[in-house]
1. Only four residue types carry charge here, +1 at the Cβ of Lys and Arg and -1 at the Cβ of Asp and Glu. Report the dipole size of the chain about the Cα centre in Debye, rounded to the nearest 20.
2. With 10 angstrom as the radius, rank Ser86, Ser77 by how many other C-beta atoms surround their C-beta, starting from the fewest.
3. Check His70: other-chain or 5+ apart residues with amide H under 5 Å from its amide H, H built from backbone geometry?
4. Provide the percentage of antiparallel DSSP beta bridges, counting only those with both residues in region 1-110; round to the nearest 5.
5. From the phi angles alone, apply the Karplus equation (6.51, -1.76, 1.60; θ = phi - 60°) to region 96-107 and give each ³J(HN,Hα) in whole Hz, x where the residue is Gly or Pro.
6. Give me Cys6, Cys29 ranked fewest to most by other Cβ atoms within 10 Å of their Cβ, as a rough exposure proxy.
7. Along region 138-146, what does the Karplus equation 6.51 cos²θ - 1.76 cosθ + 1.60 (θ = phi - 60°) give for ³J(HN,Hα), rounded to whole Hz, x for Gly and Pro?
8. Using 7 Å Cα-to-Cβ label points, what is the Tyr37/His98 separation (nm, one decimal)?
Amino acid sequence: MCITVCEKSDFDQILNEIEDFWGSRRTACLHHPVFLYEFGNTAYVIKENDRVVAYLFGFLSQTSPTAYIHLIAVRKSHRRLGLGQSLFEHFADYARQHGCREIKAITSPDNAASVAFHESLGMEASAVVKDYSGPGIDRIVFKKAL
C-alpha cells in the first residue's frame, strides 16, 4: 500500500462508504469537493487494491507558514496499522518542503478518540477554545512544530 493523491473516483468512493470511516454520515458535509479540485496536491489516499482504506485532506495556509489537516480517516478494518500516522508524516514532509513551520488540526472536545489520535502524533492540544467554529461550537486546537 502506498500514498497517492486523491482522484475523483477515490473521492466518490469515500463519500459512498463514509460510514465505514466515521461510523455515520455526520461528517459528509465536511467532505467538500474543493479538497479534490482546488487542494488536490494535499489530498492523499492509501489504497488496498482499488479500495481506499485511509485518507487525509489538508491544505497549506495562505496567511501563515502553517499546514492544516482538515480530515484524516482510516477504515474500521484498517485501524491500528499506522496508516493515519503515515498520512500525517507524508503531509508534514510536503508542508516542510513548501516552507511550513507548523501543522495544525482541530477536533471537538468530546471526541476522545480524535484527541488521543492527535496526541499520538505528537501534536499539542490547546485548552478548549470557546466558539472556535462558530457560536456554541467549541474546539480543541492541535499544533506541532515541523
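1. Numbers: 16 positive and 17 negative charges, 48 e Å.
The dipole of the chain has a size of about 240 debye.
2. Ascending Cβ contact count within 10 Å gives the list Ser77, Ser86.
3. Those lying under 5 Å, H to H, from His70 are Phe57, Gly58, Phe59.
4. Working: 16 of 19 bridges.
Taking every DSSP beta bridge within region 1-110, about 85 percent pair in antiparallel fashion.
5. For region 96-107, the Karplus-derived couplings read 4, 4, 10, x, 6, 10, 8, 10, 9, 8, 10, 8 Hz, x marking Gly and Pro.
6. On the way: Cys6 23, Cys29 7.
So the residues, fewest neighbours to most, are Cys29, Cys6.
7. 7, 9, 9, 9, 9, 9, 8, 5, 9
8. 1.9 nm
Any read-out appearing in this document is the output of simple, stated calculations on the displayed coordinates, not a laboratory observation. Everything quoted here is computed from the prediction, not taken from an experiment. All Cβ positions, glycine included, derive from the backbone under ideal geometry; neighbour counts span all protein chains shown.
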